[in-house]
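J.: So that we are looking at the same thing, I have put the structure below in structure tokens.
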């Protein structure tokens with residue numbers, strides 16, 4: 001049967017032995033406590049598949065020297081009926097095989113999750129300090145993937161300051177020479193509807209006007225769909241003393257930018273689109289054709305999977321970094337920081353309100369990390385308690401390629 005026994009002091013050690021010997025697809029057949037630790041019986045997935053295939057093969061074959069049957073006369077209809085019966089038997093056999101394999105996979109997944117849950121419970125008892133840090137990370141909004149990776153690399157004497165240092169080391173922040181206001185050029189602010197693009201354009205423009213004067217700054221809008229969108233930008237432009245231009249397509253954008261080439265800073269406000277809108281790709285093509293660099297705005301109140309999807313759909317060759325918005329509305333900042341780290345985005349500014357230009361700030365790492373680990377109300381239904389941790393981490397099976405790598 002090719003089953004093998006593995007004995008170790010803890011479930012986690014035994015599982016590691018199973019993976020090393022039989023691979024990640026190994027099937028756990030049994031698990032029990034023995035003298036000195038735990039015994040796991042497992043076998044490779046390939047061996048189990050072979051076993052399943054052999055089980056559903058016909059139990060007996062015809063003898064080698066069976067004399068041929070006496071010839072019979074069959075009509076075409078009888079031949080067709082026999083063929084249909086044989087086809088039905090083959091189909092039933094295939095379905096039976098698929099059913100057996102499906103049950104085996106389901107049992108394997110269930111047993112592996114139970115064993116992983118036992119391993120995490122065991123670690124929780126042996127190292128409560130590390131699991132407490134893990135729970136803090138998850139409650140702060142960081143993904144189980146990042147939290148688990150940090151736990152694996154965490155030294156025995158680690159505390160929250162060590163976690164903060166690792167996150168600070170992995171967060172890319174724009175340097176003074178990369179600051180878009182100081183460097184100048186043409187930049188489009190892109191992102192989904194409601195993320196704060198128009199307001200952020202006005203905030204950046206106000207900074208540039210104070211430093212270089214209104215005659216060195218220009219605003220452009222590509223949003224001809226939303227009612228009042230152009231008018232809102234014109235109001236900001238009038239307050240700042242900056243001209244506002246509207247463009248419709250790539251040729252129009254090129255002509256407008258050519259006329260504005262003497263400006264120090266040109267900021268382009270764009271139409272808000274859901275990340276799955278087909279026009280997102282068309283917008284990116286237009287900016288690439290005109291040589292426009294882009295800043296992606298990320299809403300700090302959005303969920304992790306939504307932010308991941310936004311970055312995947314909007315990220316591209318011309319995206320030089322991001323600006324996080326609505327920090328004043330977000331209860332936790334771990335989620336947006338996690339996404340910035342995993343996608344290796346350069347963080348240019350943070351925005352925490354609607355006021356122009358007061359609510360746009362250069363990145364203050366100490367403030368961000370302090371906010372990220374600010375304890376959430378204990379009464380919140382979304383706070384993970386100690387007993388919830390093993391089940392959550394046992395079910396976290398994302399591949400390392402999706403998790404990303406973090407320097408420690």
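No value in this document is a laboratory result; all are computed from the given coordinates. Keep in mind it's a predicted model, so treat the numbers as computed, not measured. Cβ coordinates were reconstructed from backbone atoms using ideal geometry, including for glycine residues, and neighbour counts include every protein chain displayed.
J.: By how many nm would the segment from residue 2 to residue 91 grow when fully extended, if each residue of separation counts as 0.36 nm and the alpha-carbon distance is taken off? Don't jump to the answer; show the numbers that get you there.
T.: Numbers: separation 89, 0.36 × 89 = 32.04 nm, distance 2.97 nm.
The residue 2-residue 91 span can extend by a further 29.1 nm.
J.: With r as the distance between the Cβ atoms of residue 215 and residue 289 and R0 = 30 Å, compute the FRET efficiency 1/(1 + (r/R0)^6) and round to 0.05.
T.: Working: r = 28 Å, r/R0 = 0.93.
E(calc), rounded to 0.05, equals 0.60.
J.: Considering Cα pairs under 8 angstrom that are at least six residues apart, work out the relative contact order of the stretch 171-376 and quote it in whole percent. Display every interim value, and only then the final one.
T.: Numbers: 367 pairs, mean separation 54.4, N = 206.
Over the stretch 171-376, the number comes to 26 percent.
J.: Roughly speaking, what is the stretch gain from residue 259 to residue 30, that is 0.36 nm per residue apart minus the C-alpha to C-alpha distance, in nm to one decimal?
T.: Numbers: separation 229, 0.36 × 229 = 82.44 nm, distance 7.45 nm.
Once the chain is fully extended between residue 259 and residue 30, it gains 75.0 nm.
J.: Within 10 Å, count the other beta carbons around each residue, average over each peptide in 321-329, 149-157, and list them highest first. Numbers along the way, then the final one.
T.: Working: 321-329: 21.7, 149-157: 13.3.
The densest-packed peptide leads the list: 321-329, 149-157.
J.: With both partners inside the stretch 171-376, how many of the DSSP beta bridges are antiparallel, as a percent to the nearest 5? If you can, show how the numbers build up before the last one.
T.: On the way: 3 of 32 bridges.
Taking every DSSP beta bridge with both residues in the stretch 171-376, the antiparallel ones total about 10 percent.
J.: If R₀ is 51 angstrom, what is the calculated FRET efficiency for the pair residue 39 and residue 329, using the beta carbon separation as r and rounding to 0.05? Show your work: numbers first, answer last.
T.: On the way: r = 53 Å, r/R0 = 1.03.
After rounding to 0.05, the efficiency reads 0.45.
J.: May I pose another question? Stretch residue 179-residue 10 to full length: gain in nm at 0.36 nm per residue minus the Cα-Cα span?
T.: Working: separation 169, 0.36 × 169 = 60.84 nm, distance 5.22 nm.
Using 0.36 nm per residue and subtracting the Cα-Cα distance, I get 55.6 nm.
J.: Still on this structure, I have one more. What order, most packed first, do the peptides 355-365, 280-290 have when packing is the mean number of other Cβ atoms within 10 Å of each residue?
T.: Working: 355-365: 15.1, 280-290: 17.2.
Packing proxy ranking, top to bottom: 280-290, 355-365.
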